[in-house]
Amino acid sequence: MTKGHIYVAGPLYGSGHQDDNIRVVLETATRLRQLGYTPFVPHLYFFWNLIYRHHRDFWLGLDRDWLRKCDAMLRIGGESPGSSIEEVWANEFGIPWTTIAGPAEVESGLIVIRKGVPLESGRRV
C-alpha cells in the first residue's frame, strides 16, 4: 500500500539542461518509490510530445488533472514557469507542497500524513 501519491514538479526547460532536469526528477521519483510513495512525473510527457506534438495548454491540462488527484506536490528548485503554475493549483486544491534542491533531500524521508496536511520537511505553503 502506498504512503501517498506525490506529484513531482520541477524545471524542464526553465533552468538547466532538459536531460539533466529529467534525470534529477527521475532520481527523485525513484527515491520516493523506494520510500513507499507513488510518484507522478509529468516530465515524462516530454517523450510523448516527441511523437505526438501538442500545444503547451494540452500538457498543462493533464498536469492540472493529475495534480488534483495527488496527496502532495514536491517541487525541485530552479526556474520553472510550469512549476510556478502548479504551485498556484496546489494551493487552490489545498494540496500541500514543498521545494527541495534535488533527490538527496528525499533521503531524509519525506512524510505526507494525509491530504491537506503540510509536508513535514522543507518549505510549506
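Counting only residues that are among the acidic types (D, E) and either within 22 Å of L62 (Cα to Cα) or in contact (Cβ under 8 Å) with a residue 24 or more places away in the chain (or both), segment 1-40 holds 2 of them. Looking at the structure I just gave you, is L119 aliphatic (A, V, I, L, M), assigned to a loop (DSSP other than H, G, I, E, B) and modelled with pLDDT under 95? The answer is yes for L119.
Which of the residues that make up segment 29-56 are in a loop (DSSP other than H, G, I, E, B) and charged (D, E, K, R)? The answer is R53, and nothing else. Scanning segment 14-54 for residues that are in contact with a Pro (Cβ under 9 Å, 6 or more places away or on another chain), under 13 Å from I76 (Cα atoms) and hydroxyl-bearing (S, T, Y) returns a single hit, T28. Under the condition of being modelled with pLDDT of 95 or more, out of contact with any His (no Cβ under 7 Å at 6 or more places or on another chain), within 27 Å of V106 (Cα to Cα) and not aliphatic (A, V, I, L, M), the residues counted in segment 32-56 number 2. Any chance segment 100-110 includes a residue that's surrounded by 15 or more Cβ atoms within 10 Å (Cβ to Cβ), part of a helix (DSSP H, G or I) and at pLDDT 95 or above? No.
Table: residues versus (1) at pLDDT below 95; (2) in contact with a Leu (Cβ under 9 Å, 6 or more places away or on another chain); (3) in a helix (DSSP H, G or I).
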| residue | (1), (2), (3) |
| --- | --- |
| Y13 | yes, no, no |
| N21 | yes, yes, yes |
| F58 | no, no, yes |
| R64 | no, no, yes |
| R75 | yes, no, no |
| W89 | no, yes, yes |
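If the condition is being surrounded by 15 or more Cβ atoms within 10 Å (Cβ to Cβ) and out of contact with any helix residue (DSSP H, G or I) (no Cβ under 8 Å at 6 or more places or on another chain), then segment 24-37 contributes A29, Y37.
The values are calculated or read from the model by the stated rules, or taken from the named source; none is laboratory data. Bear in mind the structure is a predicted one, so any value in this text is a computation, not a measurement. So basically every Cβ, Gly included, is an ideal-geometry build from the backbone, and we count neighbours across all protein chains shown.
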